[in-house]
Every structure is written in C-alpha cells, then in structure tokens.
Amino acid sequence: MIHISNIFLALILLSVLLSLRSNRLMALVKLIAFQGIVVSAVPLVLDTAHGLTFKLIMFFFLLVLVKGVLIPGLMSIAVNKVVVSREIEPIIGYHASLFAGLIMIVVSVYITNNLYFASMGTSHKLLMVTAITTMGAGLILLMARRKAITQVIGYLIMENGIYLIGTALAKEVHTQYVVEFAVLLDLLVAVLVMGIVLNDINHTFDDVDTALLGQLKD
Amino acid sequence: MLQFVFLIPLLAGIAVFFLPAKIGRPALFTTAVIHATFTALEWFKLTGPLQTKYFSNTPEGMLVLAILSFLFLFISLYTVFYMGEVEMSKEPVFNGSMLLFLSSMSMVAIADHIIVLWIAVEATTLMSAPLIFVHRSKESLEATWKYVLICSVGIALALLGCFFVIFSMEMSNVHVPISFTSLNAVASQLNPVWLKAGFIFILIGYGTKMGLAPMHTWLPDAHSEAPSPASALLSGALLNCAFLGIYRCHQLMFAAGLGGYSSNVLIAFGLASMLVSAVFILNQTDYKRMLAYSSIENMGIIAVGIGIGGLAAFGAMLHMIHHSLVKSSLFLSAGNILLGYGTKVIDKTGGMLRLFPKTGMTFFAGFVGISGFPPFGLFISELLIILGAIKAGRYVAISIFIFSLILIFAGASRLVMQMVFSERDNDSILVPEKWSRALPPILLLLTSLILVIWLPDSIYQTIQNAISSIGGTVNG
C-alpha cells in the first residue's frame, strides 16, 4: 500500500523540479504557494500513529495561512509591480538547473542512506531525501538566477527544505508551538522586508536584475 | 524582570514609528536610559538570578548586554544631534528601527532556548535592514539587498544546525528542554557526530552575521552605506551578538568533550578573517569601508582568542569590550567627517587636524587604539591572546596572527595619516563640527582608557565566569 505521505513528498519533489525549469515569475509564485501548502500538510500525514491533535491541526492552518497564502500573496504583489515577468539569461541555464536538481536527488539519497542511521521507517527516509533535495534546489535557484524575485523564491524553497528536515529530525520542536510560531513570523517579516527592498530596486533601476547591483566592491 | 530589556525598546520602537520625529528623537535617548537602568539592575543581580523557559542571565550574555546598553546610550545621544544636520525623509522609520534593533539584540543577549536565540538573531537582521536602507540611494539599496539575502540564507543554515543539535539529543534518547542550560547539563550523553555537524552549521550561520571570512561579503557594504550611528551600532553591538550565538555553542561543545574540535575550527575561521581583511584594507579608498574591514579583523581576533582558550580566552572577552568601545567611537567620528566633507573617499579628505581639530584628534586616537597601541585596551587584550597562544604552543597560528596585525597596521596607518595630517587646498567644509557631536565618541574612547587603568571587579568576575566553562582562566 502506498502511504499517503509518499504522495505528498512526490508532489513536493515535482514542484521543486518544476521551479528549476520555470522561467515565468508568476508561475514560480504559484508553485511556491502550492509547495507551501503541501509542506505544511506533511506533519499531518506523517505520523498518524499519534493521531491528530487539536494543536497539530491548528498549527497546520497557521502554516497554510503563512506559507500558502500570505507569502505567495506578497510575492505576487511584487511580481505585478515589476516591469519584467520573465527571467532572462539566467546564470545557469534551465536545462542545466534541472539536471543539477536531478543530481541533487541522487546525492540526497546517498546522504540519507549513509548518514541517516536512525531506526526510523522508510517514510522518514523518503522525507529526508525530499528535504535535502528541496534545500539544495533552493540554493541552486538562489545562486543561478539574476532576478531578485527568483532569488527570494529560492530562499523560500530552501526554507521549506529546512522546515522538512526539522520535521524529519526533531519531533521535540513540535511540542513548542510558541517557538515555531515565532520562526514563522520571522520568515514572514523577512519576505516583507525583502519585498520592500525589491520594490525600491524596481523603482530605482526599472528592473529587478541583481546584475545591476554591482556598484559596491573592492 | 529580565524580559523588560527587550520588551521596553520593542514597545517604544513601535510607538516611535507612528510619532513625529520631534518626539522620536528624545524618545530614543529616554529609552536608552531606561534600558541602561534595567541592564544595570540585572548586572548587579538586584532582581536575582533568573531562569525561565526561554531566557536566562548568563555571564557572557550579561557582558554583551552591558556593552550594548552602554553603547546605545552614547549612540542615541549622538543620533539626536546628528539628525539635526541631515535630511532624512523618513526619520520616524529610522528612529523606530534603531529601537527595534536594540530590542532584538537585547533578546539575543538573554536568550537561552536554542531556537529563541535563532529567532532573535534573524530579527536583528530584519530590524537593521531599514537602517541601512534609509538613504534609498542605489548603493544603499545594493547594500541592503546583499545584507538581507546573505544573512538570511546564512541564518537559515544556522537553523539547520539547531535541528542537528536537537537531533543529536534524540539520537541518544535524552529528553530535556532545548535550552543551552539544560543541554550543557546532559552534553556528555549527546551524539557527538550530529553535535559536530550542528556546530559547523551554526558557526557558518552566525559566522555570516559576525563577519567571519569567507562569509563576510555583506559587511563592508552594509557598514559603509548605513548612516554612521547605525554603522556604529552594527559594528559595536551586532557583531558581538552573533559572536555570542557561536560562543554558546562552543560552550556546549566543551561540555560534550568536543572542545578541541570546535576550537580548531574557530581558530581557522578567525585567521582567515584576519588575512582577508589585511589584504583588502591595503588599497582601500573609502574610510568607512576601511573601518568595516577592521571590524572583520577584530572579529577574527576574538574567534582566534576564544579558540586558543586559557589566558587567550580572557583576552578575547576583553577584546570584545574594547573593540566595541573604540570602533563605535571611530564610526561616530566617521559620521562627523562625512558630514564635514560630504564624501567617503579618503583622497577628498585631509587636513582634519586644522579643519576639524576635535574630530581629527578623536579619530586619530581611535585609530591608535584600534591598532593595538597603549594606552588603549586593545593593546592588553591582543598581548594576552599572544601570550595565551605561546603558552598553548600554537606557534603557527600566532605567527599568522601577528603577521596580519602588522599588515593591517601598515595598510590602515597610511590612510589615516593622509586623512588627519595631509594638507588640503580648499577649506570649504559643509558642516562645521560641534561639541554635541564630538563628545560621544570622545567619551567612548575615554571609557576604554579608564577600563585599562581600572577594570571594575564585577566586570573582571563576569568575564571569568563567562570563560570558565571553556577552560579559560587568567592565571592559566
């Protein structure tokens, strides 16, 4: 029987690969919304043995609100304001990025098999593979793209990956929702600050290309 | 109540956002005074030792908090008069962000829970971003973008490190609250492999914020583009806060018996930072960037000192105090220089001793201090680190250490001499200097001088308590 969490993890992997291939900024924002919602749902489907507590469900809604609605909402406002809607001339091409993403999956399977010597089930192993791939893909996106918006999206994908690793590794964290809530708040404010700076970059340069940000150097 | 040190600036900061600048400026100084009062109460343990779920007053945290509070007192005073001279379209945002920045840094200083510490460090990035951004020029936009993105990614990696530390606990079936105090108590039972991995990620994450090479690239840009009071706060207080995050993990590593490993890593990163700043300071054309690279150097010195341990650890803590005092004084002087000449380019300044005698003298004295000459405190702290290294038999590390110090002195002295003593043809200056803006940097320098002659016993004891957990001692 295919466990339901595996479907969710496959969906996350799919969204990661799509994000590496996509060159339209709006499509990327929609992807990040989708990924945010699926990532928020992972803790719900992962450990059904403990049952669904009220706190878990409330936290799920909070995560969906922030990762699936508020952050993508802020990003789509930013995309609508900027002059360009596409990533042009990425530093690393789309096919190369996609290939790097596939290699990332292989690497993360290798890492998981070799380092992850815990006595946890296969669903946790798959979760680790997905999480490391997501994090790596976020980093690739962050470094391989010129547009400031794509870099923020790369950061968000990376953050999703780290959140998944946290879900896989640290059950303890989930007992303190105050702390998790604050982490979420930090993320939201980070995106807000990045959005404001992004807006000003767009105003000043008529573009959000970070290649234009090359004045300061030694 | 310990939490007041961050709650009061938080509330004041939010209020200042919505108030006109006329009220905002006095509010800045008033909050600084209140903050200093609460810090003093905590310092002398008048409210008693405190241990809650998320916060505690540790000696190293109190040291960082005391430096922060002291600096903020003078910087806020300076800001009040500085703001009178500059045009700033959104001054309430600047004043409010200064207070929120103070709040988040105070939270770092007293955080005990691993994730709360992380949240506070990330908050410092977000609260200080508007400070760098405030001029809205092309350069400041670039600096802010780099700062926010590089630091956020770095700190995200630190979160991963925190998860590894938590996982090292689960691996060995230990279940305690994830605060440093309780983790230190059970440290020997933690899984060493994951603890090491956690330390590396946390070092890279908070090291980005602290300005350790090669993750330092945001630092010169941010420090040079921010208005001078903000630069002073970034360099004098924020870097210490990031260092505190690393130091808490270093203590945990020591408690787990992995101190040798984390020490070596710290020394390597510290020496790399010193070498990088030595190379980049040589041909610097911008005096605020020069000061920023000097901050990278000094953070490297602190990392090396803590890594060597023993006597050097005492030196490192002393270095942290004196660096904060002298460097923030230098940045405040740089603010006066920038107001006077209207440029950050070294070649366009000059003749400061004639045109700005007070600022010129303070800037030169600050430079003497930061280069590690007597009578300022950095001389003693660097000497202690060198002695400690020789005692520990770390000859290679200390050779690189001394070599970098000489290189940096050679590079920076040429630039500072040119600024202070060279002749300048035209005497046109934009804003003449005033006592109100010259006094705060002088007072900060004097404090460093006084602490050399007379180090109060409570500071001495606090440093000793802070370093005893990593085997540091004065007599060692």
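Please compute the net charge surrounding B:Leu19, taking Lys and Arg as +1 and Asp and Glu as -1 over other residues with Cβ under 15 Å from its Cβ.
On the way: positive: B:Lys22, B:Arg25, B:Lys90; negative: B:Glu91.
With Lys, Arg at +1 and Asp, Glu at -1, the neighbours total +2.
Projecting the alpha carbon convex hull of segment B:343-399 along each direction and taking the average yields 5.6 nm².
Work out the mean other chain Cβ neighbour count within 10 Å for the residues of B:186-194 and drop it here as an integer. It would help to have the intermediate numbers written out before the result.
Details: counts 0, 0, 0, 0, 0, 1, 0, 2, 3.
That average works out to 1.
Over the Cα atoms of chain B, Rg to Rh with Kirkwood Rh, two decimal places?
Values: Rg = 21.1 Å, Rh = 22.1 Å.
Rounded to two decimals, Rg/Rh equals 0.95.
Computed with a 1.4 Å probe over protein heavy atoms only, the accessible area of A:Asp200 comes to about 20 Å². Summarising the label geometry, the points placed 7 Å from Cα in the beta-carbon direction at B:Ile406 and B:Leu387 lie 2.2 nm from one another.
Kindly report the accessible area of chain A per residue (heavy atoms of protein chains, probe 1.4 Å, no ligands, DNA or RNA), in Å².
Heavy-atom SASA per residue in chain A reads 44 Å².
Pairs spanning more than 31 Å between alpha-carbon atoms, out of A:Lys217/B:Lys391; A:Lys67/B:Lys45; A:Lys30/A:Lys125: A:Lys217/B:Lys391; A:Lys67/B:Lys45. Only Lys, Arg, Asp and Glu carry charge here, each on its Cβ (+1 for the first two, -1 for the last two); on that basis the protein assembly as shown has a dipole of about 300 debye about its Cα centre. For the protein assembly as shown, the pair-distance distribution built from all alpha carbon pairs, in bins 10 Å wide starting at 0, is 3, 15, 26, 27, 19, 8, 2, 0, 0 percent. Using a probe of 1.4 angstrom and keeping all protein chains present, the accessible surface of chain B works out to 31 square angstrom per residue. Shape class of segment A:4-211 from the Cα gyration tensor (axes a ≥ b ≥ c, square roots of the eigenvalues): oblate, since a/c reaches 1.5 or more and a/b does not exceed b/c. Heavy-atom accessible surface of A:Asp206, to the nearest 10 Å², is about 110 Å², with a 1.4 Å probe and all protein chains retained.
Counting only whole DSSP H helices of chain A, the ones at least 20 Å long by C-alpha along their axis and with mean Kyte-Doolittle hydropathy no lower than 1.6 are A:4-21, A:25-46, A:177-205. In this rough spin-label picture, where each label sits 7 Å from Cα along the Cβ direction, the A:Asn113-B:Ile459 distance is 5.9 nm.
What translational diffusion coefficient, to the nearest whole µm²/s, does segment A:177-218 have by Stokes-Einstein, given a Kirkwood radius computed over alpha-carbon pairs, a temperature of 20 °C and 1.002 mPa s viscosity? Diffusion coefficient, whole number: 176 µm²/s. Annotation: segment B:125-235 has a Kirkwood hydrodynamic radius of 15.4 angstrom, from the mean reciprocal C-alpha pair distance. Counting only Cα atoms, segment B:271-476 measures 56, 35, 20 Å along its principal axes, largest extent leading.
At 7 Å along Cα-to-Cβ for each site, give me the label-to-label distance between B:Val474 and A:Arg86 in nm. Placing both labels 7 Å beyond Cα along the Cβ direction yields 7.0 nm. For B:Lys434, the lysines whose Cα falls under 17 Å of its own Cα, not counting residues fewer than eight places away in the same chain, are B:Lys358.
Counting only residues at least eight positions apart within a chain, or on another chain, the lysines with an alpha carbon under 20 Å from that of B:Lys22 are B:Lys90. The mean number of Cβ atoms from other chains found within 10 Å of a Cβ in peptide A:206-216 is 4, as a whole number. Comparing A:Val16, A:Val45, A:Val64 in a Gaussian network model of chain A, where Cα atoms under 10 Å apart are tied by springs, the biggest mean-square fluctuation is seen for A:Val45.
The values are calculated or read from the model by the stated rules, or taken from the named source; none is laboratory data. Values in this document were obtained by computation on a predicted structure and should not be read as measured data. With ideal geometry, Cβ positions are generated from the backbone for all residues, glycine too; neighbour counts draw on all protein chains shown. For accessibility, only protein heavy atoms count, side chains too; no ligands or nucleic acids. Shrake-Rupley method; radii C 1.70, N 1.55, O 1.52, S 1.80 Å.
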